[in-house]
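The structure appears right after this line, and notes come after that.
The values are calculated or read from the model by the stated rules, or taken from the named source; none is laboratory data. Keep in mind the model is a prediction, meaning the values are calculated, not measured. Here the Cβ is made from the backbone with ideal geometry for all residues, glycine too, and neighbour counts use every protein chain on show.
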Amino acid sequence: MRFACLVMFFLFQAGFSFCLETQNKELNFVIFSDCHLKDTTTIGETILKNIIDRVNVDESNPEFAVCLGDIVELPKNASIQRYDRTIDKYLSITGRLNIPLHTIAGNHDLEHGEIASKIFQEKIGPLFFTLQKSEYLLIFLNSESVEKNSEQMQWLEKIFRKSKEKKIVFMHKPLFAVHLFKSFNIFTTQYLKDFFEKNNVFVIFSGHEHFFYQQKYNRILQIIIGSSGGNVRPAPEGGNSSFQYCRVKISGNKVNVEVVPVEISQKEEIFTK
Ligand SMILES: [Fe+2]
């Protein structure tokens with residue numbers, strides 16, 4: 001009897017700690033943005049390759065990677081073949097990653113018309129989607145279409161109606177832009193801010209500005225990730241201007257982001273010029 005009680009006690013303990021672990025598992029991932037690849041060889045391409053190599057041996061053991069868009073940078077009137085080739089280049093470079101990669105589109109990826117947008121969706125994936133990870137709902141958005149009543153926002157409203165968990169948003173353009181010319185119009189900004197706050201979004205990851213900068217706006221922490229190939233721009237005080245990827249750890253409401261600068265050697269620079 002005593003032995004049976006002991007076994008029951010240990011089973012209960014093991015089950016309890018397993019439940020705690022699965023419910024409160026820390027999120028651990030890497031994130032990069034704004035590769036700005038072309039169909040010709042560029043320094044940006046070497047930077048992205050170096051980022052993938054670094055992530056593959058990253059000692060933080062990330063579970064997955066996120067790319068926040070602007071994969072492609074071509075003249076607006078570039079042919080579909082050039083766009084297609086550049087998307088293939090992205091897939092060939094990132095195909096060497098040994099963890100899953102979730103990619104969203106940026107403004108440059110979606111400025112080449114409907115056929116290009118279809119190529120993006122066929123080869124890379126949907127323009128908006130969600131993922132459940134541990135206690136969090138991850139929401140990946142197309143920031144080119146976030147106006148109230150747009151198809152995407154109607155889809156998101158339905159999801160928010162059913163889901164009460166903590167939410168993390170990924171979208172190329174920041175909700176609170178540092179440079180005003182990079183922001184949404186005032187109505188969309190206010191709508192998204194209210195909508196996200198009301199629905200338990202506590203952190204937003206964006207790119208678009210080509211520097212790293214994090215800032216809390218009322219209840220939402222916004223983290224802007226720097227460039228992984230596009231021109232690096234000067235960051236505001238407390239930010240970081242470098243080619244980079246970031247390590248992210250999230251536990252409860254605590255978000256920890258570490259910038260990992262990635263450089264290229266002089267030899268690589270000469271080779272790609
Ligand atoms: Fe960009």
Please verify whether region 61-71 includes one or more residues that are more than 27 Å from Ser134 (Cβ to Cβ), within 14 Å of the ligand (Cβ to nearest atom) and not polar (S, T, N, Q). yes
His179 meets each of (1) of a type outside the set (A, V, I, L, M); (2) within 16 Å of the ligand (Cβ to nearest atom); (3) buried (at least 19 other Cβ atoms within 10 Å of the Cβ) with one exception, condition (3)
Any residue at all in region 247-267 that is under 25 Å from Ile47 (Cα atoms), of a type in the set (Gly, Ala, Ser) and at pLDDT below 95? yes
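Residues being in contact with a strand residue (DSSP E or B) (Cβ under 8 Å, 6 or more places away or on another chain) and either farther than 13 Å from Asn185 by Cβ or loosely packed, with under 14 Cβ neighbours inside 10 Å (or both): count how many of those fall in region 144-154.
Step one: filter region 144-154 for residues in contact with a strand residue (DSSP E or B) (Cβ under 8 Å, 6 or more places away or on another chain), giving 146, 152.
Those still in the list that are either farther than 13 Å from Asn185 by Cβ or loosely packed, with under 14 Cβ neighbours inside 10 Å (or both) too: 152.
Result for region 144-154: 1.
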May I ask you to verify whether Asp84 is part of a helix (DSSP H, G or I), surrounded by 13 or more Cβ atoms within 10 Å (Cβ to Cβ), in contact with a Lys or Arg (Cβ under 9 Å, 6 or more places away or on another chain) and among the acidic types (Asp, Glu)? yes
Here is a check on your reading of the model: is Ser92 among the polar types (S, T, N, Q), assigned to a helix (DSSP H, G or I) and surrounded by fewer than 17 Cβ atoms within 10 Å (Cβ to Cβ)? yes
Kindly establish whether Phe120 is at pLDDT 95 or above, touching a helix residue (DSSP H, G or I) at 6+ places or on another chain (Cβ under 8 Å) and within 16 Å of the ligand (Cβ to nearest atom). yes
Yes or no: Ser145 of a type in the set (S, T, N, Q) and without any contact (Cβ under 8 Å) to a residue 24 or more places away in the chain? yes
